[in-house]
1. Once both axes come from the Cα atoms, what is the angle between helix 48-58 and the longest principal axis of the chain, in degrees from 0 to 90, rounded to 10?
2. How many nm separate the modelled label positions at residue 278 and residue 75, each set 7 Å beyond the Cα in the direction of the Cβ?
3. Once both axes come from the Cα atoms, what is the angle between helix 116-126 and the longest principal axis of the chain, in degrees from 0 to 90, rounded to 10?
4. Determine the relative contact order of the chain: mean sequence separation of Cα pairs under 8 Å and six or more apart, normalised by residue count, in whole percent.
5. How far is helix 261-272 tilted, in degrees, relative to the longest principal axis of the Cα atoms in the chain, given as a value from 0 to 90 rounded to the nearest 10?
6. Which whole-number percent is the relative contact order of segment 7-107 (Cα, under 8 Å, 6+ apart)?
7. Please compute the contact order of segment 235-333 in relative form: average sequence separation of alpha-carbon pairs under 8 Å and at least six residues apart, divided by the residue count, as a percent.
8. Find the percent of Cα-Cα distances in the chain that exceed 39 Å, and round it to a whole number.
């Protein structure tokens with residue numbers, strides 16, 4: 001999701017006792033589903049970050065609502081915290097008059113927060129392209145302080161980049177992920193894994209802390225490690241397990257572009273080969289994990305990385321981009337199942353998908 005000009009993010013302080021949950025049951029014996037939060041007479045739609053932050057703040061878990069109603073849980077929390085105040089973050093779209101405000105995270109009014117407007121200005125100032133927004137997070141791609149340092153891996157040219165994710169709803173800390181930009185197709189492969197992540201600890205002056213991080217960030221060792229994993233990916237056959245994990249990640253996403261999920265999976269089958277026919281099984285999931293790890297697909301790990309980053313960059317809706325990049329991050333942070341089993345480096349495909 002891009003950053004629409006009609007998007008506004010509002011911050012409002014209130015007391016926990018002022019929140020009322022509107023619920024719905026499909027049947028009398030069915031569990032409750034929360035469909036709205038009433039805040040001083042205004043009905044708002046609760047997002048997943050609202051519940052995550054509320055649970056985190058009061059030490060709750062999501063399964064508590066399997067045994068108690070929402071009213072019961074909130075009433076007991078208020079009893080224990082009668083004067084507790086919350087800062088609410090509300091997402092609004094001004095061009096949609098019938099659009100209910102969406103509740104993002106709750107946080108302590110005493111905790112510093114990077115507001116939407118502050119963050120958009122900062123990441124836009126230092127970023128290489130227009131920042132994107134989705135579900136309380138602003139994301140932007142940047143060039144490290146020392147420069148992009150163009151280099152070649154096999155026949156492909158890359159530049160160093162890093163991606164910053166900033167929660168503008170007060171829940172969590174900003175994070176920086178190392179990234180490589182493949183020039184031939186403008187695909188950005190992001191290392192969404194702890195091995196390639198840096199957390200930004202926000203102090204009292206949150207704006208200064210973020211601006212300093214954006215202007216000064218560099219990580220020579222991290223970029224060198226990322227390049228090494230890409231080099232090894234070109235020389236490693238992809239395993240059935242690694243291919244199935246990408247297949248599953250794509251199968252779960254809802255596409256809103258020109259290519260359907262079915263079409264994407266068909267293209268992945270073309271890249272990796274017909275594994276069902278190759279190994280004579282109708283259900284590859286029936287193979288043990290150990291067996292899946294030693295059976296090769298018809299492509300390199302590098303092909304899986306490029307396919308996932310191409311889908312994430314050009315085809316996936318905002319809700320799925322993070323999961324695809326997380327797949328890449330997990331893949332490259334561990335040893336590949338068939339590490340170093342492919343000797344000769346071929347000329348890799350520039351693009352797998354039709355970009356029209």
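1. The helix 48-58 is inclined about 60 degrees to the chain.
2. Result: 5.9 nm between the two label points.
3. 30
4. After rounding, I find 15 percent.
5. That works out to roughly 30 degrees.
6. 40
7. Once divided by the residue count of segment 235-333, the mean separation gives 44 percent.
8. 25
Throughout, read-outs are computed from the coordinates displayed, never taken from laboratory work. Since the structure is predicted, the reported quantities are computational estimates derived from the model, not experimental observations. Positions of Cβ are generated from backbone atoms using ideal geometry, with glycine treated the same way; all protein chains shown enter the neighbour counts.
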